[in-house]
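Everything on this sheet refers to the single structure shown next.
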Amino acid sequence: MKYRLLLSLSILLLTLSNRVSGQLYVDSILDSGVETSLIEISRLNLINDNDSLLLFLNKADSLYPNSAEIKYELSNYYFNRADKNRALVYALQADSLLKDNYVIKEHLAMIYNHLAKYQKSADIYEELIKTYPYNEEFYLRAIEFYCAINFSKALDLMKLYESKFGYNHDWISIKLDLISRISKDDSVKGANYAIDLAKDFYKSDLSNVAGAINLAITYKDFKLNKEAEKVLKDFEKRNGKNGVISLYKASEYLVGGDYNKFYKYSMAGIDEKSSDLYLKSSYLSDFYDGYAKMANDSIREIYGDKLDLILKHARDVYSSDFNICLLYSEWLRGYKSDSTKYIDELKHILTFNNENDYVFENIVFYYLDKNNVDSALYYSDIALNYFPDKAIFYYTKIYNSYLNDDYKTAIELSEKAIEYVNKFSNLHLTFLEILGESYYKVERRDEAYEVFDYLLKLDPNNLMILNNYAYYLSLEKSKLEEARRMSYKTIFAEPLNPVYLDTYAWILYLLEDYENAEKYMKKAIDNMDDDSDRVTYYEHYSEILKANNKVDLAEQYMKMADELKNR
């Protein structure tokens, strides 16, 4: 009955498909408690099933009115759908139920921010600072909000931050970013402070191009364009031509819509090889992001053609730089829609850098998608040498072992891989599915059923497991009423699925409900496809027809089954 497993395990990408059908099983899931309900909420969020999600959230809230977690999920639901006022109501309820939870408080601060209630957001972070006095992120968020409403307060918090965490270039960069959000009209004091800070940052290392560009950007933020240009000229006069500055200028021309100068300065920045390559790749990445956000198709085409030449040139000049080659590979996949060249570029990256699991992962997925199992196995094996604790690279080996009836290996690898995967992930469910099926194939049935029971607690709507578990029980003629209930869930969810219909019909036959068994078995046969196990279906139908005293028709279907077996 391996074909039953293939319904949901052809490749890992299929495990990300919708496991939920409308309103199915909501009540049974909720009865399992808050934790199980939250798992279901997470899954519904993942697949963007909005109607089912709202139904589920409302029922969960009515059943567990004192669950801060469910109130928080409701708040998230409305926040993500731009209903900030409803989001605020549920966030306040969640906060009142679980007062010391910083995740809920941060969520509440975010809502206030979107409602332009900046003081309330700042108050929340000041409260968090008192509770968590050594959490840098809370200080930064409070400073950010005060930069918008009370610059003096922001400065006081900055000094407090510096007294606790020190004063270094990273912190200066953060301060520049925060303070540059204040317009000159809003605060002359803020403008002067930002400029003085940028000057100090630059003067601390006059050969640091990031400092020069920071100062130029700060001047431009406050409309001091001539001063900005002078800083960059002075830097290049002192340190020589710099490719990063050329790319910065290219970004300015890009914002202004001058694509010819954007192209000219980008190419010049790439050709100058002595300056900071990481900063160059950062600008190129920004250019790529800018293309993705363009809505005007005609401008997008012009910009895309220019950027294509720029990124290809950068890749040719810096053919052993990980960031630039990876960016170019993404460009090939996105703009060029050339999956073959995309994979060739990822393989090229492996010739000089094999320390990034993302590269291996995308190569493996590519070959799985192409049903090239041998190549997927080859790269999975290499990846496991470098990333032995990455569960994803066990997948191809596990699945291939199962398909080739090597259940012992499938069990060994699944048991190992499960240790490395998040227990609420789809990958974890997939490993458990294969493990349970493999246990059953080697007649370790108690262990198989234990895995199936556990799976259905984690994922009560797993149709494949519900079907297979029910079918296995029917083969043993054991717990038939339980098997019927599980099987019914599958045909309720997918009423035209011949595999599920066959299982349900056969269980009804064993329960001596011959009339309904015939009805459902006929429906299974009417909906067969090229992958259907026709021999089994015809044999089952023949047995059911015999039970209903339709002997001639039963013999006809048994003959059809025999003919298929003898081909």
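The values are calculated or read from the model by the stated rules, or taken from the named source; none is laboratory data. Because the structure is predicted, anything quoted here is derived from the model rather than measured. Neighbour counts are summed over all protein chains in view; Cβ atoms, including those assigned to glycine, are modelled from backbone coordinates with ideal geometry. Calculation scope for accessible area: heavy atoms of the full protein, side chains included, ligands and nucleic acids excluded. Shrake-Rupley method; radii C 1.70, N 1.55, O 1.52, S 1.80 Å.
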Inset, instruction - Could you go through the range 203-215 in sequence order and give the Karplus-derived ³J(HN,Hα) for each residue, using 6.51 cos²θ - 1.76 cosθ + 1.60 with θ = phi - 60°, rounded to whole Hz, and x for Gly and Pro? - result: 5, 5, 7, 6, 9, 8, 5, 4, x, 5, 5, 4, 5
Legend entry - Point-charge dipole on Cβ atoms (K/R +1, D/E -1) for the chain, about Cα centre, debye to 20: 2020
Legend entry - the chain: calculated mean residue ellipticity at 222 nm from DSSP helix runs of at least 4, using -39500 (n - 2.57): -24500 deg cm²/dmol
Inset, instruction - Over the range 92-174, give the accessible area per residue in Å² for a 1.4 Å probe, as an integer. - result: 52
Legend entry - Cut-off 16 Å (backbone N to label point 7 Å along Cα→Cβ of residue 210), residues of the range 266-290: 275-286
Inset, instruction - Kindly provide the GluC sites (Glu not before Pro) of the range 494-567 that DSSP labels as loop, not H, G, I, E or B, and whose Cβ sees at most 13 other Cβ atoms within 10 Å. - result: 512
Legend entry - In order through the range 146-162: 3J(HN,Hα) via Karplus (6.51 cos²θ - 1.76 cosθ + 1.60), integer Hz, x for Gly, Pro: 5, 4, 8, 10, 7, 5, 4, 5, 4, 5, 4, 5, 4, 5, 5, 4, 4
Inset, instruction - Quick one: angle between helix 445-458 and the longest Cα principal axis of the chain, in degrees between 0 and 90, rounded to 10, please. - result: 50
Legend entry - P(r) tail fraction, the range 425-498 - alpha-carbon pairs more than 20 Å apart, %: 26
Inset, instruction - Place +1 on the Cβ of every Lys and Arg and -1 on the Cβ of every Asp and Glu in the range 198-279, take the dipole about the Cα centre, and give the residue among 228, 268, 218 whose Cα lies farthest towards its positive end. - result: 228
Inset, instruction - Do me a favour and compute the ellipsoid semi-axes for the range 443-567 from its Cα gyration tensor, root of five times each eigenvalue, largest one first, whole Å. - result: 26, 15, 14
Inset, instruction - Report, in degrees rounded to the nearest 10, the 0 to 90 angle that the Cα long axis of helix 277-293 makes with the longest principal axis of the chain. - result: 60
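Which whole-number value in Å² is the accessible area per residue of the range 265-339, probe 1.4 Å? Display every interim value, and only then the final one.
Numbers: 3670 Å² over 75 residues.
With the other protein chains kept in place, the range 265-339 gives 49 Å² per residue.
Ranked from highest to lowest mean number of other Cβ atoms within 10 Å per residue, what is the order of the peptides 331-344, 103-116? List each step's numbers first, then the result.
Values: 331-344: 15.9, 103-116: 17.9.
Answer by packing, highest mean first, reads 103-116, 331-344.
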Legend entry - Per-residue SASA entry for residue 151, accessible area with 1.4 Å probe, Å² rounded to 10: 20
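Please identify every one of the trypsin sites (Lys or Arg not before Pro) in the range 417-450 that sits in a loop by DSSP and has no more than 12 other beta carbons within 10 Å of its own beta carbon. Present the calculation step by step, with values, prior to reporting the outcome.
Details: sites: 423, 441, 444, 445; in loops: 423, 444.
The qualifying sites are 423.
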Legend entry - Karplus 3J(HN,Hα) series, Hz, for the range 463-480 with 6.51 cos²θ - 1.76 cosθ + 1.60 (x for Gly, Pro): 5, 4, 5, 4, 5, 5, 4, 4, 5, 4, 5, 5, 5, 8, 6, 10, 6, 5
Inset, instruction - May I ask you to list the lysines whose Cα is less than 26 Å away from that of residue 71, ignoring any residue fewer than eight positions away on the same chain? - result: 59, 84, 99, 105, 117, 120, 130, 423, 457
Inset, instruction - Identify, among 362, 404, 143, the residue whose Cα sits farthest towards the positive end of the charge dipole of the chain, taking +1 on the Cβ of Lys and Arg and -1 on the Cβ of Asp and Glu, with the dipole about the Cα centre. - result: 143
Legend entry - All-pairs alpha carbon distance profile, the chain, 20 Å steps from 0, percent: 16, 36, 34, 12, 2, 0
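Per 0.36 nm of contour for each residue apart, how much would the distance between residue 564 and residue 458 grow if the chain were fully extended, relative to their Cα-Cα spacing? Could the numbers behind the result be given before it?
Details: separation 106, 0.36 × 106 = 38.16 nm, distance 3.96 nm.
Between residue 564 and residue 458, full extension yields an extra 34.2 nm.
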Inset, instruction - Return the carbon/sulfur percentage of the accessible area of the chain, one whole number, probe 1.4 Å, all protein chains in place. - result: 47
